[in-house]
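The values are calculated or read from the model by the stated rules, or taken from the named source; none is laboratory data. Here the structure is a predicted model, which is why all the values come from computation and not from measurement. Glycine also receives a Cβ, built like all others from the backbone with ideal geometry; neighbour counts cover every protein chain displayed.
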Amino acid sequence: MVNEAANKKLEQVATLLDMLSEDTSVPRNIRKGAKDSKERLFDNRTALDVRCAGVVSVLEELSNDPNIPLHARTLIWNATSVLESIK
């Protein structure tokens, strides 16, 4: 069961990932990675900490893409920071 604080943080990350996946100035592979990460984050078949760690891993890989715009990298870092604060 996910507590109230974690739920708010998950919604915050979902908003950031939506912004990223809908931004047409961001390369397609990064938009797809953001969309897939959001789906993975809300897949309740896996424990919350495992989902968060998996999404953080994917986001770190996306942020290292040389073609990513600076504003998109900042969104990814923000999402990663929020995910890492979920206990």
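Each row is one residue, and each column tells you yes or no for (1) under 24 Å from ASN67 (Cβ atoms); (2) of a type in the set (Ser, Thr, Tyr); (3) at pLDDT below 95.
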site: GLU4; (1), (2), (3): no, no, yes
site: ASN7; (1), (2), (3): no, no, yes
site: VAL13; (1), (2), (3): yes, no, no
site: MET19; (1), (2), (3): yes, no, no
site: ASP23; (1), (2), (3): yes, no, no
site: VAL26; (1), (2), (3): yes, no, no
site: ASN29; (1), (2), (3): yes, no, no
site: GLU39; (1), (2), (3): yes, no, no
site: THR46; (1), (2), (3): no, yes, yes
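Being at pLDDT 95 or above, out of contact with any Leu (no Cβ under 7 Å at 6 or more places or on another chain), part of a helix (DSSP H, G or I) and within 15 Å of ALA14 (Cβ to Cβ) is the requirement here; does LEU75 meet it? Taking the combined requirement at face value, the residue does not satisfy it. Among the residues of region 25-43, those that are of a type outside the set (D, E, K, R) and either touching a residue at least 40 places away in the same chain (Cβ under 8 Å) or not in a loop (DSSP other than H, G, I, E, B) (or both) comprise SER25, VAL26, PRO27, ASN29, ILE30, GLY33, ALA34, SER37, LEU41. Restricting region 35-46 to residues that are in contact with a helix residue (DSSP H, G or I) (Cβ under 8 Å, 6 or more places away or on another chain) and among the acidic types (Asp, Glu) leaves a set whose member that is farthest from ALA6 (Cα to Cα) is ASP36. Filtered by the rule that a residue be out of contact with any helix residue (DSSP H, G or I) (no Cβ under 8 Å at 6 or more places or on another chain) and closer than 20 Å to ALA6 by Cβ, region 47-87 gives ALA47, ASP49, VAL50, ALA53, SER57, SER81. Answer yes if at least one residue in region 6-24 is of a type outside the set (Gly, Ala, Ser), surrounded by 15 or more Cβ atoms within 10 Å (Cβ to Cβ) and part of a loop (DSSP other than H, G, I, E, B), and no otherwise. So far as region 6-24 goes, yes, one or more of its residues are of a type outside the set (Gly, Ala, Ser), surrounded by 15 or more Cβ atoms within 10 Å (Cβ to Cβ) and part of a loop (DSSP other than H, G, I, E, B).
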